[in-house]
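See structure below.
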Amino acid sequence: MSEAAPALPPVRLRVVLWIAPINAAYLDALRQEGIEVVAALHNDGLRIVPPLQDSRPDICWFTVHDLFHGNRRLSGPGQAQAPAAWIDDASFRQYALCMQRVGFHPGSEVMEALSGGIAAASDIEDWARLHLNHGLRLLEAVAADEVWFDVNPHLGVDNMLALAAIRSGRECRVIEQVRFAPKFSCTGLGQARQLGTRGLEWKPWTAGASEPDISYMRENVGRAWNRGLGERLRFLWRSLARGGWAGFSTRVYLGARKRRQWWLMYLLEQLDPRSRLWAAARLQQRRRYAAASRRRPKVAQMAELGDFVYFPLHLEPEANVHVAGGGYRNQLDAIVDLHQALPPGWSIALKENPKQTWMHRGEAFDARLAELPRVRWVEDRMPSAGLIAQARVVATITGTAGYEALRAGKPCVYFGRPWYAGLPGAIRFEPGLDLEEISHRQVPRAALDEAVNLYLGGLADGLAHPRFAGHYDQTDQVGDLYREAARSLARISIGPRTAAGSPAATGPVAP
């Protein structure tokens, strides 16, 4: 006689999940804690294993394309309409900043965010209201209690989903995994009652200030058209066989962008009516940006810089600026204010982000930058670690370079809301800041390690983002970390269990 499967605890929380990718082990770990994922958002079939959708019919699967354009569940006559007053000025500005970047790869429903949006500026308010309606209808269709995001909403449609949750009285959380540790933060959006990880007892952290994982910034794609041609063709053929034209066109478009083959991107954009209207303008803007980048007078030797503040530019548009930038959601505003604070004889050394495209690097960007006489570009090949070591101060909005500076014993000035705010040597920019005095400050490694241990020791335990599972080699370990994350999320969202397995009578634990 076969042994009966262990009974699952009763469902205590119904969650809409925007964490990609996800897998069955992660979903099962949540369900063991009474957390039922009733809907999951993802980009497209290329980022989620189709059998998972087939084997979990209890979950409503939505793509970003569904949330953007609607589908039979989210759009149609007679459905719920969100009140117009739900979108205030701050919410609309945030949406507009994020929405500008969102489009779809030609020939597919795959979201992409580096070529410019497909919505005209004159239509942006109507898109905002449409997307708010889609978000509200999704939440009502699945009777969701909460919405969880893996990063701060920053794609327009997710901003409106979060706003729909907040305005309808649902909890909305951002769950951010630490890249180098099985720890994560969990913060509430919008509500007065923001349950977080602080105040709950978590495992202490003792490894100190680990080296940050910046592998995502080290993309190095050759420009030669025939580099690895055979393998690329085989890869494209497999993509075509698996995903049809949508998968094939997406892969070709991504490859063309990496190699700056503008003509190929233009051709694919012309084949899709959604992007056709903007194809010619995009082509010209890409060419203009490439030409402007070549014309920039760049410092080739670090010795030519003298005393300088190193400011590595953020990729724009991106959440690190347009969401976490606070009062500096325009990167140039930070550079202008930093320029005004420079001591005599100092300069600002700018280095372009290796993933930057033409967006936010147009004619107006160059014109504003030209008005700042003590700003100098450095060669792209100049190593960031060397610039950090030689700079008097490192400045950034929220970038990893600030944390790298602290690990190198050097102070950093930040403008936004980076995770390392509050660590020794991290100084928030304020008008009248004395950069000369700051440059003489030391950042003792022992003090930094102690502060990082304290910070990470206050974060929740476990692996809340399956995409970081590759950092852990053993399958059993990954499964344990999923279960640990699920228990942590249940403590934060539901509260501690009683011996009978139900929420404690005292309710959720406040931070």
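The values are calculated or read from the model by the stated rules, or taken from the named source; none is laboratory data. What you are looking at is a predicted structure, and each value in this text was computed from that prediction instead of being measured. Every residue, glycine among them, receives a Cβ derived from its backbone with ideal geometry; neighbour counts consider all protein chains shown. Please note that ligands, DNA and RNA were not included when accessible areas were found on the heavy atoms of the full protein model with its side chains. Shrake-Rupley method; radii C 1.70, N 1.55, O 1.52, S 1.80 Å.
Checked against the criterion of being more than 26 Å from HIS154 (Cα to Cα), in contact with a helix residue (DSSP H, G or I) (Cβ under 7 Å, 6 or more places away or on another chain), in contact (Cβ under 8 Å) with a residue 12 or more places away in the chain and not aliphatic (A, V, I, L, M), the candidates PRO343, PRO354 yield just one match: PRO343. Checked against the criterion of being crowded, with 16+ Cβ neighbours inside 10 Å and farther than 30 Å from PRO354 by Cα, region 75-83 contains one or more residues that satisfy it.
Just so you know, in region 350-370 the residues that are of a type outside the set (S, T, N, Q) and touching a strand residue (DSSP E or B) at 6+ places or on another chain (Cβ under 9 Å) include one that is nearest to ARG282 (Cα to Cα), and it is GLU352.
For region 118-133, does any single residue satisfy the condition of being free of Cβ contacts under 8 Å to residues at least 60 places away in the same chain and not in a helix (DSSP H, G or I)?
Yes, region 118-133 contains at least one residue that is free of Cβ contacts under 8 Å to residues at least 60 places away in the same chain and not in a helix (DSSP H, G or I).
Quick check: is even one residue across region 138-151 within 15 Å of SER168 (Cβ to Cβ) and touching a Phe, Trp or Tyr at 6+ places or on another chain (Cβ under 9 Å)? Checked against the condition, which is being within 15 Å of SER168 (Cβ to Cβ) and touching a Phe, Trp or Tyr at 6+ places or on another chain (Cβ under 9 Å), region 138-151 yields at least one hit.
Look through region 59-95, keep the residues that are of a type in the set (S, T, N, Q) and assigned to a helix (DSSP H, G or I), and return whichever of them is farthest from ALA319 (Cα to Cα). Top of the filtered list is SER91. Scanning region 13-30 for residues that are among the β-branched types (Val, Ile, Thr) and either within 24 Å of ASP476 (Cα to Cα) or without any contact (Cβ under 8 Å) to a residue 12 or more places away in the chain (or both) returns ILE19, ILE22. Note on region 22-55: residues that are closer than 22 Å to PHE468 by Cβ, assigned to a loop (DSSP other than H, G, I, E, B) and at pLDDT 85 or above amount to 3. Among residues of region 359-403 being polar (S, T, N, Q) and not in a loop (DSSP other than H, G, I, E, B), the one that is surrounded by the most Cβ atoms within 10 Å (Cβ to Cβ) is THR396. Checking each residue in region 456-511 for being open to solvent by 80 Å² or more (accessible area, probe 1.4 Å), at pLDDT 90 or above and either within 19 Å of TRP18 (Cβ to Cβ) or in contact with a Gly (Cβ under 6 Å, 6 or more places away or on another chain) (or both) picks out no residue at all. Evaluation of GLU318 against the conditions (1) at pLDDT below 95; (2) buried (at least 17 other Cβ atoms within 10 Å of the Cβ); (3) in contact with a helix residue (DSSP H, G or I) (Cβ under 9 Å, 6 or more places away or on another chain) shows that the sole unmet condition is (3).
When LEU138, LEU130 are checked against the criterion of being modelled with pLDDT of 95 or more and in contact with a strand residue (DSSP E or B) (Cβ under 9 Å, 6 or more places away or on another chain), LEU138 stands alone in meeting it.
Out of GLY135, GLY156, GLY117, which single residue is over 27 Å from PRO418 (Cα atoms) and open to solvent by less than 40 Å² (accessible area, probe 1.4 Å)?
GLY135 is the lone residue from the list that is over 27 Å from PRO418 (Cα atoms) and open to solvent by less than 40 Å² (accessible area, probe 1.4 Å).
Does region 250-265 hold any residues that are at pLDDT below 85 and either β-branched (Val, Ile, Thr) or touching a His at 6+ places or on another chain (Cβ under 8 Å) (or both), and which are they? The answer is THR250, and nothing else.
Quick check on region 410-423. Is at least one of its residues open to solvent by 10 Å² or more (accessible area, probe 1.4 Å), touching a helix residue (DSSP H, G or I) at 6+ places or on another chain (Cβ under 9 Å), not in a loop (DSSP other than H, G, I, E, B) and not aromatic (Phe, Trp, Tyr)? Looking through region 410-423, none of the residues is open to solvent by 10 Å² or more (accessible area, probe 1.4 Å), touching a helix residue (DSSP H, G or I) at 6+ places or on another chain (Cβ under 9 Å), not in a loop (DSSP other than H, G, I, E, B) and not aromatic (Phe, Trp, Tyr).
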